[in-house]
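First the structure, in the form of structure tokens, and then the observations on it.
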Amino acid sequence: MLELLDLVRDFLTQPDRWSLTDGSGIPFRLVEHLQATVVATGLATAITLPPAMWLSHHKRGEAIAGALVNIGRAIPSFGLIIIFFLVLRVRYGMGGFWPLILALVFLAVPPIFTNAYTGIAGVDPHLVEAARGQGMSEFQVFRQVELPLGVTVVLTGIRVALVQVLATVGIDAIVTSGGGLGRYVVDGFAVGVNGYGAVFTGAVLLAGLVLFTEWLFGWLQDRLLPTGLRRREHPDSGLDDRRDMPPPGTAVVGG
């Protein structure tokens, strides 16, 4: 254990280890990691939310939501990155960044779509019909009734996708010269015993980043919710939360 700590100390005290411009610097790799995560999750959210919400508002596409749940559970992240990398690199000569991004978008779509669909479709139909009876247009029903009541589940899907993408970016280091924080793990194993300090540090940084992001998004999610919805998240409030529950048999990704 002491030898491992010495290797970690030596790794952390190397020149340019804390540089933002040098490829060996932890800040440089962290920015690289976050850049791929934000781009992939942002693209997946922009592509997925509009059709998911439209279909759920009109009560269509339930089979699509169920299929995406199964696809998201079945596809291995590592295999998907390799497929995208080989196809796009050989066929179109694209570098490692965009094959990685497209693979991550593919991985992020299922939880975002499923939770967005479930969140809107799970709103109490009596509330929706009451809103229509008051003369609200379909857009007003969606914006003023369905979206506020379903936003908790929608945001949960984005959070699950974000954490999944964040954890998967490190795998890219095995396939390409990129990989963010995962680069330390791959390069450390390539060195051998003397590289265990890099392996350990890279693993700890990646795990810490995932856990911190999970906590931060959950905190922001709670702060962004309206006060009434925030109270329904806590059983001590004494308010009934059944109106926000999805219909029986509907899968929700995350929690």
Among the residues of region 36-46, how many are surrounded by fewer than 19 Cβ atoms within 10 Å (Cβ to Cβ) and in contact (Cβ under 8 Å) with a residue 60 or more places away in the chain? 2
Of the residues that make up region 188-202, is at least one of a type in the set (Val, Ile, Thr) and closer than 23 Å to Leu80 by Cβ? no
If you check every pair at least six apart or on different chains, which have Cβ atoms under 8 Å apart with a residue in region 91-113 that is on the phi > 0 side of the Ramachandran plot first and a residue that is open to solvent by less than 10 Å² (accessible area, probe 1.4 Å) second? none
Among the numbered conditions (1) among the hydroxyl-bearing types (Ser, Thr, Tyr); (2) at pLDDT 90 or above; (3) under 24 Å from Phe85 (Cα atoms); (4) surrounded by fewer than 23 Cβ atoms within 10 Å (Cβ to Cβ), tell me where Ser177 comes up short. (2)
Would you mention how many residues in region 12-29 are open to solvent by 60 Å² or more (accessible area, probe 1.4 Å) and in contact with a helix residue (DSSP H, G or I) (Cβ under 8 Å, 6 or more places away or on another chain)? 3
Considering each of Ile64, Ile83 in turn, give the residue that is over 18 Å from the mean Cα position of the chain (by Cα), under 30 Å from Phe142 (Cβ atoms) and not aromatic (Phe, Trp, Tyr). Ile64
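The values are calculated or read from the model by the stated rules, or taken from the named source; none is laboratory data. All values derive from a computational prediction rather than experimental measurement. For neighbour counting, all protein chains shown are included, and Cβ atoms are generated from backbone atoms with ideal geometry for every residue, glycine included. The protein model used for the area step is the full one, side chains on, heavy atoms only, and it has no ligands, DNA or RNA in it. Shrake-Rupley method; radii C 1.70, N 1.55, O 1.52, S 1.80 Å.
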